[in-house]
Amino acid sequence: MCAAIMATKFPEAPKVGMVSLGCPKNLVDSERILTKLRSDGYQMSADYAGADVVLVNTCGFLDSAKEESLEAIGEAIAENGRVIVTGCMGDEADLIRAKFPQVLAVTGAHQYEQVVNAVHDASPPIPNAFVDLVPEGGLKLTPRHYSYLKISEGCNHRCSFCIIPSIRGDLVSRRIDAVLREAEKLVAAGTRELLVISQDTSAYGVDTRHEPRMWKGREVRAHMTDMARELGQLRTLDGRAPWVRLHYVYPYPHVDQVIPLMADGLLTPYLDIPFQHAAPSVLKAMKRPANEAKVLDRIHKWRAICPDITIRSTFVVGFPGETEADFQYLLDWLDEAQLDRVGAFRFEPVEGAAANDLPGAVPEAVKEDRYQRIMEKTAAISAAKLQAKVGRTLPVILDEVGEPDDEDGSIGATARSQADAPEIDGNVFLRDVGEGRQAGDMIDVLIEDADEHDLYGVPL
Ligand code: SF4
């Protein structure tokens, strides 16, 4: 007897394309939007041609980012024609509509519901569609082995060069149990490295008075230290402690409490602290939070407790009113601080920022000169620090494994040590990793060589 085979024809689910611009925080927003759309029955399209509607998640932080966002909107309209704009530039709906009247909808940053509704209007979901289950941990735009964990939105500070508080509002912290649940799911789904992000990670929970919640039978506060301790208890499927990296930390006094967690291996020994400058008068004009004179002493103390700590930072040169003496102060401070990783930017006015009205604009040529000098100084510090790692054994995470070499069959890989955050820091380039390795593997390697930003090694 032969069974009759019935072909069931399901209607095709509408497809959504996504262009995600800007910082990791925006990437997390894109992931949330896509996760919701996927659970509503939408499919994703990797190209313009296959999409029924294209979402452009914009960044409006710097004028150059706005330009890039407008270009991306223009490209999406030219290539597809059915475009919804969201993200930071959503606050400038009039400008976008004036330039691109055919845009279907414009929604602002974090307006998840509005953007999802706009997609429903533009391309309605199929009722009762048979949809794929959304994977555990949501949809991710980063590789499976690392994930961004956003703990709050907005910011209570008013740095004079920044317009984020006017775009994203004051600090709103997520509940600690929600953060920890998301982290646990991500790790269960294969994440080996969690990157904690926000505008000001040290201020987490200030707005909720560090409201405690029950987690695993105990009370945990919405506070950076409690969160770090709990994240340090997570274990990957093969029983390892995932790397947990703290980004955008301001040096408030309680940061001292997380350094012992790093020394104990509960937290990755890495702090991303955007100092932006060191000269007191410039920091004052910038209105930077936790701007205090003793920070150098504290850096020395942190290194005494956790000698392997990597400190990354960013600096702005050519801020209005910055004198040659202020800049020299910064260079001397860097000599003393010996920061491991440094990014530098030439000051660029951002429309709507208070700093634009400050006196003492620095000429472009002077900015450029200072930029070159700070890059030279920090590259030399970085080279010396990396050179000191030659001969050591370090744990790394593999990001990408190459194909066997045509001649001798050897396989190389690109990896990162605990001192390297993805996308922004250096790499560990490996030779002879052998067969069977894959992205996300955590292995120990011998460091054989170093240059200004990267290390070179071989698995043990
Ligand atoms: S801390 Fe300052 S630079 Fe950072 S988001 Fe808040 S206002 Fe902007």
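The values are calculated or read from the model by the stated rules, or taken from the named source; none is laboratory data. Bear in mind the structure is a predicted one, so any value in this text is a computation, not a measurement. As a convention, Cβ positions derive from the backbone with ideal geometry for all residues, glycine included, and neighbour counts pool all protein chains shown.
Summed over region 322-365, residues that are part of a helix (DSSP H, G or I) and over 26 Å from residue 299 (Cβ atoms) total 6.
A single entry from 433, 390 fulfils the requirement of being buried (at least 19 other Cβ atoms within 10 Å of the Cβ), over 25 Å from the mean Cα position of the chain (by Cα) and assigned to a loop (DSSP other than H, G, I, E, B): 433. Restricting 38, 32, 82 to residues that are in contact (Cβ under 8 Å) with a residue 40 or more places away in the chain and more than 26 Å from the chain's Cα centre (by Cα) narrows the list to 82.
Checked against (1) more than 16 Å from the ligand (Cβ to nearest atom); (2) crowded, with 17+ Cβ neighbours inside 10 Å; (3) under 22 Å from residue 415 (Cα atoms), residue 306 passes all but condition (3).
For region 144-158, a tally of residues being free of Cβ contacts under 8 Å to residues at least 60 places away in the same chain, surrounded by fewer than 21 Cβ atoms within 10 Å (Cβ to Cβ) and away from the ligand (no atom under 14 Å from the Cβ) returns 0. Annotation: residue 284 fulfils all but one of (1) modelled with pLDDT under 95; (2) more than 16 Å from the ligand (Cβ to nearest atom); (3) among the basic types (Lys, Arg); the unmet one is (2).
Scanning region 259-268 for residues that are surrounded by 20 or more Cβ atoms within 10 Å (Cβ to Cβ) and not in a helix (DSSP H, G or I) returns 267, 268. The number of residues in region 232-268 being within 19 Å of residue 187 (Cα to Cα), of a type outside the set (A, V, I, L, M) and more than 16 Å from the ligand (Cβ to nearest atom) comes to 12.
In this structure, residue 224 does satisfy being closer than 28 Å to residue 160 by Cβ, free of Cβ contacts under 8 Å to residues at least 40 places away in the same chain, buried (at least 20 other Cβ atoms within 10 Å of the Cβ) and not charged (D, E, K, R). The residues of region 190-214 that are β-branched (Val, Ile, Thr), within 16 Å of the ligand (Cβ to nearest atom) and either surrounded by 22 or more Cβ atoms within 10 Å (Cβ to Cβ) or not assigned by TED's automatic domain parsing to the domain that holds residue 231 (or both), listed by number, are 196, 201. Looking only at region 159-187, filter to residues that are within 17 Å of residue 250 (Cβ to Cβ) and in contact with a helix residue (DSSP H, G or I) (Cβ under 6 Å, 6 or more places away or on another chain); which one of those is nearest to the ligand (Cβ to nearest atom)? The selected residue is 159.
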